[in-house]
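All remarks here apply to the structure that follows.
Where a number appears in this text, it was derived from the coordinates with a stated rule and is not lab data. Quantities reported herein were computed from a predicted structural model and do not represent experimental measurements. Cβ placement follows ideal geometry from the backbone for every residue including glycine, while neighbour counts extend to all protein chains displayed.
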Amino acid sequence: MNYFFLFFLTIILLFLDFVKKNLRKSKKDPPGPISLPVIGNLHNLTKNPHRGLKNLSDKYGEVFRCYLGDHYSIVVCNRQIINEIYVKNFENFCSRPYNDTFKMFSGDFKDLAFANNYSDWKNIRSMVNGNFTKTNLTKTIYNYLEDQTIQLINNMDKYTISGEPFYPQKQYMKVSINIMCKLFFSKEVLPNESIDNGNMDRISVPIQIVCKELGAGNLDDFVGIISPFLFFTKKKYQKAVSKMINFIEEIYEEHLNDLDEEKPKDLMDMLIIDSKGNNKKGIVHVGFDFLLGGSDSSSGIMEWFTLFMSNNKEYQEKAYNEIVSVMGKNCHFISYNDRPKLPYLVACINECLRMRAEDPLGIPRVAIEDIEIKGFFIPKGTQIHHNLYAVGMNEKVFENPNKFDPERWLTTDQDILKERLNHLIPFSVGPRVCIGKNLSELETFVVCANILLNFEFSSYTGEPIDDIEIFGITIHPPEFPVKLIKRK
Ligand code: HEM
């Protein structure tokens, strides 16, 4: 009898959830697919949620509604409407959603990346930005990037001599982790160490676990009722996050003890001075944001660049020939100032960013108040996801979008070029645009230019390298081996 009652109750609850999810909120709701009880449209996301959501937008339009588990969501793939939401109506859409993963990452929303109200975000963003862009720090980081690039090339040289396959992922990640650690708290994985085993492994190992284990969030951020079933899975990355936070806290204390207010050596010193030593939690978690946001994102673009250049030798040769003809045969190092002279190389990097926006769904936002945007009603509390991958794959702007074709960026028609560049927004847009955009562009250009100057890359197996993404906090190709030949 009791079992029958429970079964009956479950059916009623599922039915009510189904009705609630599919009931229109207003006549102006965007179109969207049927949402199932409990999971909503999570089943439509597939292994690569940015692709799953692009498929839905092909069917329902560039702005569509769906339920991601319990959460009413609007997915935006249209560039103009992204502008309306992220730029023109920014204050209504500045906040992040509240969920357990964001709460843990942010130390109760005290950081920058997950700050979930406008005034907290504005205060911390202007403090971080003001210090991050100071000339001294920029100069130190630029010099350090040059050193790291030279170290990477020296390391890659060994593979040209031994003929062994070169696996780019960890090598590029070492460069990116080091840039972040140097920038934020003057630490580094030493030249003779790897990111899996060295003096910084208390940060570099857990960061790899968090980046790999966690996609756009945790399943129970979407479907609250399954939380107890994920207890052990969550423990794994919670442990990794705590390890990183504890280590950053120790570094904070060291910084506090050695602080020279006249000569801040890194971003952590600058933030301690600015906050008069009264915001340990916020600063530690901003450090965590930088490591999480900056460690495997820029290195991901370097991986895609290596992959697409290996799979498309004709473009690789053209980009290399441009370097030789502009910079001369004896050029030893390409700096960021050389960028305007190398449009073909820039086009190759742009094409990687278009096809593989590293953070394809960005970080979600939430609507503070009811609002109507271009005729669509968006109620208070709606989660907003912009699909940056879909923007770069728009067939009306990029003919044959699945083809890697850097030359589309070299059109002489200025209107077409402007429209294409307007659709290249891997760092998002508006006041909450990625804070690391400039640094990442710098890092990606200097590393890609110099590895191309030094090496010819090709697939080690002779077969085209698999270019499908593995979805995590950022997207990466499956680990792949490359054959390196030293350029004369
Ligand atoms: C290829 C490289 C990168 C890509 C594609 C990327 C992309 C993004 C995107 C799409 C967002 C969300 C913006 C939004 O809410 O609209 C974001 C935010 C953020 N990124 Fe990046 N990012 C990259 C590299 C970096 C680097 C190198 C850093 C560190 C220096 C960084 C730090 C951050 C932080 C702290 C935020 C949060 C900003 C805020 O909420 O105010 N990112 N990034």
Q) Using the beta-carbon distance between Asn278 and Asp157 and R0 = 45 Å, what value does 1/(1 + (r/R0)^6) give for FRET efficiency, to the nearest 0.05? A) 0.40
Q.
Tell me the angle of helix 168-185 to the major Cα principal axis of the chain, expressed in degrees between 0 and 90 and rounded to the nearest ten.
A. 80
Q: For region 394-488, state the average projected area of the convex hull of the C-alpha atoms over all orientations, rounded to one decimal in nm².
A: 8.8
Q) Using Cα pairs under 8 angstrom and six or more residues apart, how large is the relative contact order of region 305-455, in percent? A) 26
Q: Quick one: net charge around Lys486, please, counting Lys, Arg +1 and Asp, Glu -1 for every other residue with C-beta under 10 Å from its C-beta.
A: 0
Q) In nm, to one decimal, how far is the Glu262 label point from the Phe90 one, both placed 7 Å along Cα→Cβ? A) 3.8
Q: Figure the gain on full extension for Asp415 and Val326 (residue separation times 0.36 nm, minus the Cα-Cα span) and round it to one decimal in nm.
A: 29.3 nm
Q. Quick one: length gained pulling Glu250 to Asp120 fully straight, 0.36 nm per residue minus the C-alpha distance?
A. 44.3 nm
(Q) Can you give me the angle between helix 135-162 and the longest principal axis of the chain, using Cα atoms only, in degrees from 0 to 90, rounded to the nearest 10? (A) 70
Q: Could you check how many percent of all C-alpha pairs in region 372-437 are farther apart than 21 Å?
A: 41
**Q.** Lys170 paired with Thr46, simple spin-label distance in nm, labels 7 Å along Cα-to-beta-carbon
**A.** 3.2
Q | Unit charges at the beta carbon, dipole of the chain: most positive-side option, Gly328, Asn41, Asn22 | A | Asn22
**Q.** Gained length - Lys396 relative to Tyr336, 0.36 nm times residue gap less alpha-carbon distance
**A.** 18.4 nm
Q) How far apart, in nm, are the 7 Å Cα→Cβ label points at Lys374 and Asn422? A) 1.1
Q.
Compute the angle between helix 2-22 and the longest alpha-carbon principal axis of the chain, please, reported from 0 to 90 degrees and rounded to the nearest 10.
A. 70
Q | Rounded to the nearest 20 debye, dipole of the chain from Cβ charges on Lys, Arg, Asp, Glu | A | 980
Q.
Sequence gap at least 6, Cα distance under 8 Å: using those rules, report the relative contact order of the chain to the nearest whole percent.
A. 22
Q) Can you work out the FRET efficiency for the pair Phe4 and Val205, with r the C-beta to C-beta distance and R0 = 51 Å, to the nearest 0.05? A) 0.50
(Q) Based only on other Cβ atoms within 10 Å, what is the fewest-to-most ordering of Asp111, Asp289? (A) Asp289, Asp111
Q | At most 12 other Cβ within 10 Å, DSSP loop - trypsin sites (Lys or Arg not before Pro), region 227-277 | A | Lys276
Q: Compute the projected area of the convex hull of the Cα atoms of region 3-107, averaged over all viewing directions, and report it in nm² to one decimal place.
A: 9.4
Q.
Which trypsin sites (Lys or Arg not before Pro) in region 1-84 sit in a loop by DSSP (not H, G, I, E or B) and have at most 10 other Cβ atoms within 10 Å of their own Cβ?
A. Arg24, Lys27
Q | Isotropic mean projected area of the C-alpha convex hull, region 123-486 (nm²) | A | 21.1
Q: Could you work out, for region 332-389, what percent of all Cα-Cα pairs fall into each 5 Å distance bin, beginning at 0 Å and stopping at the bin that holds the largest distance?
A: 4, 15, 14, 13, 12, 11, 9, 8, 9, 4, 1, 0
Q: Return the calculated 222 nm mean residue ellipticity for the chain, to the nearest 500 deg cm²/dmol, obtained by summing -39500 (n - 2.57) across DSSP H runs with n ≥ 4 and dividing by the residue count.
A: -16500 deg cm²/dmol
Q) Local charge sum around Lys170 (other residues, Cβ-Cβ under 12 Å, Lys/Arg +1, Asp/Glu -1)? A) -4
Q: Quick one: Debye curve from the alpha-carbon atoms of region 89-198 only, equal weights, vacuum; give me log10 I(q)/I(0) at q = 0.10, 0.21 Å⁻¹ to two decimals.
A: -0.47, -1.09
Q) Out of region 336-391, which trypsin sites (Lys or Arg not before Pro) are coil in DSSP terms and have no more than 13 other C-beta atoms within 10 Å? A) Lys374, Lys380
Q) Using 1/(1 + (r/R0)^6) with R0 = 56 angstrom and r between the beta carbons of Gln238 and Lys318, what's the FRET efficiency to the nearest 0.05? A) 0.70
